[in-house]
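Worksheet: one structure, shown below.
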Amino acid sequence: MDGNRAAWDDASLKHVREDDELLAQARTATLLPAELELLGLVLAAAPEVVHLQSGHGLDDAALVRAGARSVVGVDFSAVAVTAARRRAARLGLPCRYVVGELPGAPLRSGGADLVYTGKGALIWLPDLAAWARDVARLLRPGGSLFVYEAHPAVPLWTWDADEPRIRPDRGYFERRHVNDTFPARGAVERQATLGEIVTAVVGAELELRHLAEYPDPFWRPDGVDAAAWRGRLPNAFSLLALRR
């Protein structure tokens, strides 16, 4: 955990160095079309949102723009939290940020209409079942969990441009791997199958309402055009669940 925190703090320094660029992006940030389609009714009700593993906070600006009344971001990097807090203040957004590890978000129970997470979040979690129970604790009855995340098969794909290939050093059923493309170098990413993710959510007594897979990744590094991203393989998924 300490090694990953150091790696994420190091990567989050990018959010500080590129503050002006991220500030400009936050002014026009929008959710992905699939997110807007799935969250339309939820966001129309002006929900109070908790964003677990909020990172640079651009999604928080997008959530407010799409209708959220307020957003509370939680991240275990003080560097990321400080940068996001400053950016939200400059834009006058109804967002606040706290430093905290998951599971065990330092927030009151039953305070959220929507728990939003994803886009590189689940890979940091050693215990998905405990995380899902924490999500259920945070939600009010009738509240929703929404995840938009890299597909669990993504660690297998190479970035070759000519055709998709599977990395010989990775396996779908492995528990972890060291991400050699991560900007902070050496971060240990956790792995879980799609079935394990869904089982964790259902095991927390959240009612699964939607599950979909997509061929397009949510993030493409500059200068990379991998054949694995050209429509033949799963690169992202979305999940919507309800607390009764």
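The values are calculated or read from the model by the stated rules, or taken from the named source; none is laboratory data. Just so it is clear, the model here is predicted, and its values are computed rather than measured. Quick reminder, even Gly has a Cβ in these numbers, built from the backbone with ideal geometry, and neighbours come from all protein chains shown. The accessibility values were calculated without ligands, DNA or RNA, using every heavy atom of the protein model including side chains. Shrake-Rupley method; radii C 1.70, N 1.55, O 1.52, S 1.80 Å.
Using a 1.4 Å probe, how large is the accessible area of ASP20, given in Å² and rounded to the nearest 10?
110 Å²
For GLU163, what accessible surface area do you get with a 1.4 Å probe? Give it in Å², rounded to 10.
Spelled out: GLU163, probe radius 1.4 Å, area about 90 Å².
Which value, in Å² and to the nearest 10, is the accessible area of SER54 when all protein chains are kept and the probe is 1.4 Å?
10 Å²
Ignoring ligands, DNA and RNA, what accessible area per residue does segment 15-109 give at 1.4 Å, in Å²?
Here the per-residue accessible area is 45 Å².
Please list TRP157, TRP219 from largest to smallest accessible area, probe radius 1.4 Å, with all protein chains kept in place.
Reading off the accessible areas and sorting them downward yields TRP219, TRP157.
For ALA161 and VAL202, compute 0.36 nm times the residue count separating them, minus their Cα-Cα distance, and round to one decimal in nm.
Contour length minus the Cα-Cα distance gives 11.0 nm.
Among rounded, prolate and oblate, which fits segment 139-201 when a ≥ b ≥ c are the square roots of the eigenvalues of its C-alpha gyration tensor, a/c under 1.5 means rounded, and a/b larger than b/c means prolate?
It is prolate, given that a/c is not under 1.5 and a/b is the larger ratio.
What fraction of the DSSP beta bridges in segment 120-244 is antiparallel, stated in percent and rounded to the nearest 5?
Antiparallel bridges make up about 100 percent of those DSSP assigns within segment 120-244.
Report the dimensions of segment 149-244 along its three principal axes from the alpha-carbon atoms, largest first, rounded to Å.
For segment 149-244, the Cα extents along the three principal axes come out at 46, 27, 22 Å.
To the nearest whole percent, what portion of all C-alpha pairs in segment 81-203 is separated by more than 19 angstrom?
58 percent
How much mean residue ellipticity at 222 nm does the chain get from its helices, if each DSSP H run of length 4 or more adds -39500 (n - 2.57) and you divide by all residues, to the nearest 500 deg cm²/dmol?
Calculated mean residue ellipticity at 222 nm is -10500 deg cm²/dmol.
If R₀ is 41 angstrom, what is the calculated FRET efficiency for the pair ARG244 and ARG170, using the beta carbon separation as r and rounding to 0.05?
Result of the calculation: an efficiency of 0.60.
For the residue pair VAL99 and THR30, what label-to-label distance in nm results when each label sits 7 Å from Cα along the Cα-to-beta-carbon direction?
3.6 nm
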